[in-house]
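The values are calculated or read from the model by the stated rules, or taken from the named source; none is laboratory data. Since the structure is predicted, the reported quantities are computational estimates derived from the model, not experimental observations. FYI the Cβ positions are ideal-geometry reconstructions off the backbone, even for glycines, and counts take in every protein chain you see.
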Amino acid sequence: MTTRAITVGVATLGCRLNQVESQEMLGLVEAQGFRPVAGAERAEVYVVNTCTVTGRADVSDRQLIRRITRERPGALVVVTGCWAQTDPQAVARIPGVDLVLGNQEKYRLPELVAALLAQRPEHQAVDGRGPEIRVAPIAEARSVPAAPLARVAGRSRAFVKIQDGCQHRCAFCIVPAARGASRSQDPEVVLDRVRALIEAGHGEITLTGVDLGHYGWDLLPRTTLAVLLRQLAEVAGLRWLRLSSILPAYVTADLLEVITGSPRVAPHLHLPLQSGSDRVLRLMRRPYNTRMYRTLVERLARDLPDLGLGADLIVGHPGESEADFAETRALVSGLPFSYLHVFSYSDRKGTESTRLTDRVPAQTIRARSAALRQLGREKALAFRQRMLGRTHEALVLEARDRATGLLSGLTANYVEVLFDGPDRLARRFVPVTITDCRPEGTFGRLEGSIA
């Protein structure tokens, strides 16, 4: 498609799924003769994969795009992702943007970039036209495109996108407008991708999606996430299988049996909570209540004593009272979380919550967010301290810790441990004894004779 190796760099904002899709775009351009670049190496084409989950995310999108256009004059700038999907005209108004792609159109990146380069020699717009916009209605999306693996990934951990879109319409959430309806990847495509990653040296695989628990409902014949997990657990060479995030309403008895019973499924789950008040959960239109959530977590903690458990929380949703926040704090305090992701509420265009009038003052939101983040730090430290003196298997990451220069390893229950050791251990699973836990990190000692 191209006569020379045009260089392409991808910058990613937002969620894990965006990071996976950025790797997929690199695989696509590489397969068509472009040369992906990373780090400080300059590129001729820059792709910005945006997020729009919060108002702050939109600000970050704009800042990154403007920085690239300022620091890389003459480069072709492509903007895609969720902000590009939901507000392409706002993206197109940023000076220096050449091409705006929706979330489905990003899989046509090589074709569309090549066409634009052919029209604009030396990356200059010769006719004064604004950027080209290729954004189709996301509601029309019916499939999950597959992409080749990128050889430039350079990561210890591997992620596989098995699902996209969401069937729910939570009052605060713009994701359905950015991602469309739930749709699943064919199980054979998933299995082939996992086998290829294992062959490339990845022993841990994380399954990603927007509405992961809905996997398989749209396929013919219909299947489930539990069935897929059982199939993946049989793949030779797989050590750990993780789920990125799943709504508690989707954790069926069958799925619970696989999660708690399979030695291949890592004892780590991320269960979005958002609020510990049933009244606020109803305002949010969440498909569960606190009783359901607590019952599930207590069952998981009983069956998986070393469970690493994370949750998302939204602070300051319209209508959240002091009593509601107190209920959230009490529920979080009483459950065995190992980390929390705390978000301050922000209006998202077109969502139901924007029409609610009982607003929480910004100062109150900041104070409540700070309180939950502090609680999260305390629970994280307490969880890690319970690991002291015990030996855990850890996946050694490729990048050393910047502050200490030590190796960094990730345990099955999602704790990052720093320890001394040689670079050749990257991507390997090694035994590490936890020797020290501090607010700033967890430290360990490499055990045994590592060949």
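Looking across region 7-25, the residues that are under 23 Å from R66 (Cβ atoms) and not hydroxyl-bearing (S, T, Y) come down to V8, G9, V10, A11, L13, G14, C15, N18, Q19, E21, M25. Answer with yes or no whether F337 is in a helix (DSSP H, G or I) and in contact (Cβ under 8 Å) with a residue 24 or more places away in the chain. It is false that F337 is in a helix (DSSP H, G or I) and in contact (Cβ under 8 Å) with a residue 24 or more places away in the chain. Which members of region 91-111 meet the condition of being farther than 12 Å from V135 by Cβ and of a type in the set (A, V, I, L, M)? Residues satisfying the conditions are I94, V97, L109.
Does at least one position in region 62-78 carry a residue that is assigned by TED's automatic domain parsing to the domain that holds E132, surrounded by fewer than 19 Cβ atoms within 10 Å (Cβ to Cβ) and under 24 Å from S244 (Cβ atoms)? Taking every residue of region 62-78 in turn, at least one turns out to be assigned by TED's automatic domain parsing to the domain that holds E132, surrounded by fewer than 19 Cβ atoms within 10 Å (Cβ to Cβ) and under 24 Å from S244 (Cβ atoms). When A200, A181, A150, A177 are checked against the criterion of being assigned by TED's automatic domain parsing to the domain that holds E257 and more than 30 Å from D347 (Cβ to Cβ), a single residue qualifies: A200. Residues in region 321-334: is at least one basic (K, R) and either within 17 Å of L269 (Cβ to Cβ) or in contact with a His (Cβ under 7 Å, 6 or more places away or on another chain) (or both)? No - not one qualifying residue is present in region 321-334.
In this structure, is G55 at positive phi and of a type outside the set (D, E)? Taking the combined requirement at face value, the residue does not satisfy it. How many residues, within region 248-265, are among the aliphatic types (A, V, I, L, M) and farther than 14 Å from L300 by Cβ? Of the residues in that region, 1 qualify.
Looking at R279, R299, which is the one that is over 21 Å from the mean Cα position of the chain (by Cα), surrounded by fewer than 14 Cβ atoms within 10 Å (Cβ to Cβ) and of a type outside the set (S, T, Y)?
R299
Which of the residues belonging to region 164-214 are farther than 28 Å from A136 by Cα, among the β-branched types (V, I, T) and under 17 Å from the mean Cα position of the chain (by Cα)? Scanning region 164-214 gives I205, T206. Within region 345-375, the set of residues being of a type in the set (S, T, N, Q), in contact (Cβ under 8 Å) with a residue 60 or more places away in the chain and either within 18 Å of A323 (Cβ to Cβ) or not in a loop (DSSP other than H, G, I, E, B) (or both) comprises S353 only.
Quick grid of which residues meet (1) out of contact with any strand residue (DSSP E or B) (no Cβ under 6 Å at 6 or more places or on another chain); (2) at pLDDT 95 or above; (3) within 22 Å of Y288 (Cα to Cα):
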residue	(1), (2), (3)
H123	no, no, no
V152	no, no, no
A200	yes, no, no
L219	no, yes, no
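Among the residues making up region 183-197, those that are within 12 Å of V160 (Cα to Cα) and either in a helix (DSSP H, G or I) or modelled with pLDDT under 95 (or both) are P187, V189, V190, L191, D192, R193, V194, R195, A196, L197.
For residues that are in contact (Cβ under 8 Å) with a residue 40 or more places away in the chain and aliphatic (A, V, I, L, M), scanning just region 417-444, find the one that is surrounded by the fewest Cβ atoms within 10 Å (Cβ to Cβ). Per the criteria, the residue is A426.
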